[in-house]
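All remarks here apply to the structure that follows.
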Amino acid sequence: MISLLEKSIIFHVDLDAFFAAVEIRDNPDLKGKPVIIGADPKKGKGRGVVTTCSYEARKFGLHSAMPISIAYNLCPHGVYINGSYEKYEEVSQSVMHILRSYNVDFQQASIDEAYLDFSGYCNNFLDAYKIAVEIQSQIKKEIGITCSIGCSSTKTIAKIASDFNKPQGITIVEPEKLHEFLGQMDITKIPGIGKKTKLMFHRHDIFKIQDLYKTGLSNLVFMFGDYGIWVWNVIMGLDSRPIRENYNRKSIGKERTFMEDESRYEVIISKIEELNARIHTILEKQKYRYNTITLKIRLTGFITHTRSKTMKTAFRDEIKARRELEDMFNNFSFEKKKIRLIGVRFSNLEQDVSKTQTLITDFV
Ligand code: TTP
Ligand code: MG
């Protein structure tokens, strides 16, 4: 079946094993080795999780969000690196600069992915393929890392396509090949159908995308209401979400200097909680979600340390943030020094999507 959006040519560019790729680029000795970015594994006793890992590490079953202790047990000989978010942000900006230079509608979707609308630029999907090759080789040559590219007539299908053949893949899905491409995939390949929502479909014996096609629009609407319409539009290549530049690097934070340098755990923790709560009131009011949480600790003598954690998906959750901040603080060893100042910051802000727009998040 041919989609109504046949003429749209949308790219989704996603960097391969991004944080790990930057570390390997900067230290060629790591090439070919399982490289894991995340918390300190402390010989299997560490807390925290894997942020990402190289494809060599993935062969041992490692993946993002896996507890670092499990990762260590599966791959004790891996190279474990804490990572430097600032460096990755810088590399990300250079990549985005290259992509923006194509001067087509552009939307950065996270630190390592972006959408581009090449509809007016390419005449057909063969042209699109040539441009994809060019983008890949330019990023490789100028930045020294690789990416995978998906290309189709909607953002969602382009995203599924970029993930289809990683690393260094190019996957073009022409509208008439959509059913063939998606049919055998598990429904969780659709961004927006996760571990919980899939159960809703399983109850109706829908496991693969081809089961959704077989069910048909009217049954999907009967079963799931608006959500059924949304999923149908996705698999038919009809969800025409606009490409808009909205990735926002703004941040919001607060800090407090103690009247006297402080060492009491409860006092420091309650100050962190207070700052967290105050910032969340503002974030709530201004409808901002964030990807990165940073805790700043200044010790007596002005030595300042920061600890950050970045999540792939933006969120706004005071309790979760408090837990993350407490973890960062508990893992920080300040060797009996007193604390002069404490700060909390949320960055990589994204504004909530307007209610008038039909996005996955409206349904999930
Ligand atoms: P992803 O694109 O999800 O992963 P990736 O680039 O490491 O690997 P892939 O080849 O499968 O695309 O995320 C991009 C970067 O974002 C990743 O390198 C590390 C970071 N990240 C987090 O900080 N937290 C997370 O939960 C995830 C999934 C990623
Ligand atoms: Mg990636």
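Things to note:
- Rounded to the nearest Hz, the phi-derived 3J(HN,Hα) couplings of segment 308-316 under the Karplus curve 6.51 cos²θ - 1.76 cosθ + 1.60 (θ = phi - 60°) are 10, 9, 10, 9, 5, 10, 5, 8, 9, where x marks glycine and proline.
- Around the amide H of CYS147, modelled in the peptide plane, lie the amide H atoms of ASP16, GLN168, all under 5 Å away and 5 or more residues distant in sequence or on another chain.
- For segment 224-242 versus segment 178-208, the gap between their alpha-carbon centres in whole angstrom: 13 Å
- Summarising the strand pairing of the chain, around 90 percent of its internal DSSP beta bridges are antiparallel.
- Segment 183-240 shape via C-alpha gyration tensor axes, a/c threshold 1.5: rounded
- Potential extension, SER251-GLU274 segment - 0.36 nm per residue separation minus Cα distance: 6.5 nm
- The chain, helix-only ellipticity at 222 nm - DSSP H runs n ≥ 4, -39,500 (n - 2.57), divided by all residues, nearest 500: -12000 deg cm²/dmol
- Note on segment 1-112: Rg/Rh from C-alpha atoms, Kirkwood Rh, equals 1.10.
- Between LYS285 and GLN93, the contour length at 0.36 nm per residue exceeds the Cα-Cα span by 66.2 nm.
- Packing-based exposure ordering (other Cβ within 10 Å, fewest first) of CYS151, CYS75, CYS122: CYS122, CYS75, CYS151
- Relative to one another, the C-alpha centroids of segment 25-99 and segment 316-350 are positioned 22 Å apart.
- Projected label points at LYS195 and ARG264, each 7 Å from Cα along the beta carbon direction, are separated by 4.0 nanometres.
- Taking the chain as a Gaussian network of alpha-carbon nodes connected by springs under 10 Å, the highest mean-square fluctuation of the residues HIS63, HIS12, HIS305 belongs to HIS305.
Since every read-out is calculated from the coordinates, none of them should be taken as a lab result. All values derive from a computational prediction rather than experimental measurement. Glycine gets a Cβ as well: all are built from the backbone with ideal geometry, and neighbour counts include every protein chain shown.
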